[in-house]
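Novice: Before anything else, here's the structure in question.
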């Protein structure tokens, strides 16, 4: 089997991203599409993969939040429920190696700085730091 050329490697990387759940909602989707086309990728495959893997997770969460508000739950309580659930998921699925790779890739990301400005997120970061002392 002959080694892949650069175009094939980049197409393969892009296809892997296009195949991930809700990738169409990611900020880098347009740059990834451009890279894919620049390296000879087929438009029909992009359309197929992005549409097949669109699960509308964020949109469904927003819809559920709207429904809760319509049933009389205070908006601030809905936000608190969402934040608490997200924190639980982050703590449950936290992977120190992935977290370290974020810092190794280019310093402290701006979203982390923004998170530390909010008490709830800052407390979660402290909790993770205690649980994973060897993680950056």
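The values are calculated or read from the model by the stated rules, or taken from the named source; none is laboratory data. Keep in mind the model is a prediction, meaning the values are calculated, not measured. For neighbour counting, all protein chains shown are included, and Cβ atoms are generated from backbone atoms with ideal geometry for every residue, glycine included.
Novice: Of the conditions (1) modelled with pLDDT under 95; (2) in contact with a helix residue (DSSP H, G or I) (Cβ under 9 Å, 6 or more places away or on another chain), residue 35 fails just one. Which one is it?
Specialist: Exception for residue 35: condition (1).
Novice: In the stretch 45-56, is there at least one residue being more than 28 Å from residue 85 (Cα to Cα), more than 20 Å from the chain's Cα centre (by Cα) and part of a loop (DSSP other than H, G, I, E, B)?
Specialist: No: zero hits.
Novice: Restricting to the stretch 108-128, what's the tally of residues that are within 20 Å of residue 27 (Cβ to Cβ), outside any helix (DSSP H, G or I) and either at pLDDT 90 or above or under 16 Å from the mean Cα position of the chain (by Cα) (or both)?
Specialist: Here the count works out to 1.
Novice: Right, another one. From the list 98, 92, pick out the single residue that is loosely packed, with under 11 Cβ neighbours inside 10 Å and modelled with pLDDT under 95.
Specialist: 98
Novice: I'm trying to understand the selection: among the residues of the stretch 17-33, which are surrounded by 12 or more Cβ atoms within 10 Å (Cβ to Cβ) and free of Cβ contacts under 8 Å to residues at least 24 places away in the same chain?
Specialist: Residues satisfying the conditions are 17, 26, 29, 32, 33.
Novice: So, one more: Scan (1) assigned to a helix (DSSP H, G or I); (2) closer than 30 Å to residue 132 by Cα for the single condition residue 69 breaks and write down its number.
Specialist: So the condition that residue 69 fails would be (2).
Novice: Just checking, does the stretch 48-67 include any residue being surrounded by 11 or more Cβ atoms within 10 Å (Cβ to Cβ), at positive phi, out of contact with any helix residue (DSSP H, G or I) (no Cβ under 8 Å at 6 or more places or on another chain) and modelled with pLDDT of 95 or more?
Specialist: yes
Novice: Then there's this: Return only the number of the condition from (1) part of a helix (DSSP H, G or I); (2) closer than 26 Å to residue 12 by Cβ that residue 41 does not satisfy.
Specialist: Result: residue 41 fails condition (1) only.
Novice: With the structure loaded, tell me whether residue 105 is surrounded by fewer than 13 Cβ atoms within 10 Å (Cβ to Cβ) and either in contact with a strand residue (DSSP E or B) (Cβ under 9 Å, 6 or more places away or on another chain) or at pLDDT below 95 (or both) or whether it fails that test.
Specialist: Yes: the conditions hold for residue 105.
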